[in-house]
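Structure record follows, encoded as structure tokens.
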Amino acid sequence: MHNLGLLENIAVTLTVAFIGGLIVQRIGLPSIVGYLLAGVAIGPFTPGYLADSHTINQLAELGVIFLMYGVGLHFSFADLWKVRDVAIVGTLGQMLTMLALGYGLSQYWGWTPKSGLVLGLVLSIASTIVMLRGFMDKGWLNTPDGQVAVGWRVMEDIATVLMIMILPNLADTGKPMEWQSLGLALLSALGFLVVMLFVGKRFIPWLLLRVAHTRSRELFILAVLACSLGIALGAAQLFGVSLALGAFVAGAVVSESPLSHRVASDLLPFREAFSVLFFVSVGMMLDPTFLVEHIEPVLILTALVVIGKFIVSGVWVLPFPRPASTALVVAAGSCQIGEFSFILDQTGLSLGILDESQHALILAAALLSIVVNPFMLHSVDPLQRSLRGVQPLWRWLNRHGSTHTPAEESISDHVVVVGYGRVGSHIVDVMGELGIPYLVIDFRISRIEKLAKRGVPTLLGDTANSDILSHAALHRARLLVVTLPEEAATELTVAAARDIAPNLPIIARAATRAGVKRLSELGAQLVIHPELEGGLQVLRHTLLQLGFPLHEVRRYADTVRRENYEALVKSQGEHALLRDLLDASELIDIAWRKVPEGSPLAGKLLGEAALRTRTGATLVAIKRKNELMVNPSTQTVFLPGDRIGLLGNPEQLEAVERLLAPQPQESDAA
């Protein structure tokens, strides 16, 4: 008999999460809310199916690792260095302020000083995974504002490591604080960063490149998983840093590899599935009964987390040379507490610093703050518009200038190009030459930075995994062109765009013949299959070289293209047209002859040669190198090497050959 405990927990959890996410999306709420409610439904505090919380929590750890690894792939140490001023000073200022506010509230409630200190530490740290999911959906992750917020979270994660080290010294053990152990722990964490920067930065990209040369996707995916999980676990076991921070640094190191985009693509399914399990595991910890019985303190603590942290975080950004939008984005991303707060809370409970009711209060406020956070993210744009209405206040808040005007406010009647690879860049170049406004969406920060320097409107994000398209002003666009090489990502992008703008023309790139049909069904008006198009071009030139009529070759190619794109089968119409093509070549014999060196026709005008008068044959085309001239004018000059297409019977064609042949020299004739 098989032990289905693990499979059963995964299957039930993912199914309930899917149902919850689908329901809340239907009513206009963020999917995270549905995942949290799914956790409540299968948790220990509600009747019905009871999932194994220990198993789900372990799987949720994988979600944190994969998500942080993916963020590291789109983040570099150079980017962190750019925001070091606000990320270091601002983070520390915000954490100390929230520590003081949390401690003050705990003393008002009559908590012990040590339990109040733990509450302050818990409130000072926001959830990285919650912020990242929200930023991905909003398209903020790798914007200048988003980079500051990510740097803010990285500094908080580092500070969390220190807090976990210090917290045991607050327990009533009777032992003095071991400063030597704390110093060694700090040196250990610093050693991890040094090893990754100087050894991992060279070894890991080299390893991935060697694995890629094996041309085995299975081995490459295994290498990606081994790097993400192995480095995160090694960082925690050998250097004492958190799994999340270890995975983030590993991703930042892999970002130096030219294969980073492939790594991100292969990691995506694992990241999405296991991050859902994280939110379900959080929901499983909520006791609805406690929430109802202690509603007043829960709401007070939640208000401090959501509103208090929003204000405190935003205020700590203002002294630095950043626009007002940065303060709003950082504030919205900070107004919740999550995974690291849970770790501190659990540590305080296990050390006896917190009691069960205090632990439950912190947990309830954390869950409510996570539920409310998506709405806080959505409030940034309306709040910014309201602040702009108060001109004196806005001028002071935004005294350092704006990073950029949102694309949806600055562009209209434009072409949206998704993907800035070889195909996308060529389309953008043509749009620029024609003077047609356009907007580029790509998930690679290096491409977006280059375009931004040229003043090109851009959005950075993954159109297959967020609502980034909602910021592309599709309802005012002329056309959407999707050039992504991954067919699954293209399908998700086309489906999302069709929902946003039902009447928008869409051109999409398909990787397979089957994909052509799927993209058409999803709403793309025109689907291009590069392999088919390339094959048709080869076929066209082959048939022309063999002497088939140009107009029949073109008609055949158009029919093959139309019927492959629409029916995706070799239809009777295609076969009938091929028969017509062959019949035409038999009924009208186009013969090709070459103008040799020394031919008396070389250098003469077509009118002067009078081929039809002298031979009876009709010249219909001239092929000169890669140029085909159909029905050339009488002023066309024959050149040596030209291939001329002729209509005529064998006698007429033989007469043309005699005219083309080089004439013998007079000395030879003598």
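A short reminder: the numbers here are calculations on the coordinates, not readings from a lab. Just so it is clear, the model here is predicted, and its values are computed rather than measured. Because the Cβ atoms are built from the backbone with ideal geometry, glycine has one as well, and the counts that use them run over all protein chains shown.
May I ask you to sort 46, 91 by Cβ crowding, counting other Cβ atoms within 10 Å and putting the fewest first? Kindly include the intermediate steps, with their values, before the conclusion.
Numbers: 46 16, 91 24.
By the 10 Å Cβ count, ascending: 46, 91.
Please tell me which of these pairs span more than 25 angstrom C-alpha to C-alpha: 82/450; 138/309; 138/453?
none
With r defined as the distance between the Cβ atoms of residue 292 and residue 637 and R0 fixed at 60 Å, what FRET efficiency is calculated, to the nearest 0.05?
The computed FRET efficiency comes out at 0.05.
I need the P(r) histogram for the stretch 407-528: all alpha carbon pairs, bin width 10 Å from 0 out to the longest distance, whole percents.
Calculated over all Cα pairs of the stretch 407-528, the distribution is 14, 51, 31, 4 percent.
If each of residue 108 and residue 453 carries a label point 7 Å out from its Cα toward its Cβ, how far apart are those two points in nm?
In this crude label model, residue 108 to residue 453 measures out at 5.1 nm.
In whole Å, how far is the Cα centre of the stretch 283-300 from that of the stretch 182-234?
Result: 42 Å between the Cα centres.
Rank the residues 604, 625 as a footprinting-exposure proxy: fewest other Cβ atoms within 10 Å of their Cβ go first. Write out the running numbers ahead of the final one.
On the way: 604 15, 625 9.
So the residues, fewest neighbours to most, are 625, 604.
Could you list the residues of the stretch 197-236 with an amide nitrogen less than 12 Å from a label point located 7 Å from the Cα of residue 84 in the Cα-to-C-beta direction?
Those under the cut-off are none; the list is empty.
Could you compute the net charge surrounding residue 505? Neighbours are other residues with a C-beta less than 12 Å from the C-beta of residue 505; K and R count +1, D and E count -1.
Cβ neighbours under 12 Å give a net charge of +2.
Around residue 228, under 11 Å between beta carbons, what's the net of Lys plus Arg minus Asp minus Glu among the other residues?
Here the count lands on 0.
What are the lysines whose alpha-carbon lies under 29 Å from the alpha-carbon of residue 517, with same-chain residues fewer than 8 places away excluded?
570
Using a Förster distance of 30 angstrom, determine the FRET efficiency expected from the C-beta separation of residue 649 and residue 539, and round it to 0.05. All intermediate terms of the calculation are to be shown ahead of the outcome.
Values: r = 29 Å, r/R0 = 0.96.
Once rounded, the FRET efficiency stands at 0.55.
Estimate the FRET efficiency between residue 14 and residue 237 by the formula 1/(1 + (r/R0)^6), using the beta-carbon distance for r and 30 Å for R0, to the nearest 0.05.
0.55
Starting from the Kirkwood radius over alpha-carbon pairs of the stretch 601-648, derive D by Stokes-Einstein at 25 °C in a medium of 0.890 mPa s and give it in µm² s⁻¹.
Numbers: Rh = 10.8 Å.
The calculation lands on 228 µm²/s.
Highest mean first, what order results for 350-363, 486-499 on Cβ atoms within 10 Å?
With the highest mean Cβ count within 10 Å placed first, the list reads 486-499, 350-363.
Among all the lysines, which ones have a C-alpha under 17 Å from residue 594's C-alpha, if same-chain residues fewer than 8 places away are not counted?
604, 623, 625
Just to confirm a number: summing +1 for Lys and Arg and -1 for Asp and Glu over residues other than residue 421 whose beta-carbon lies under 12 angstrom from that of residue 421, what do you get?
Result for the neighbourhood of residue 421: +2.
Give me 624, 271 sorted ascending by neighbouring Cβ count inside 10 Å, so fewest comes first.
Least crowded to most crowded, the residues run 624, 271.
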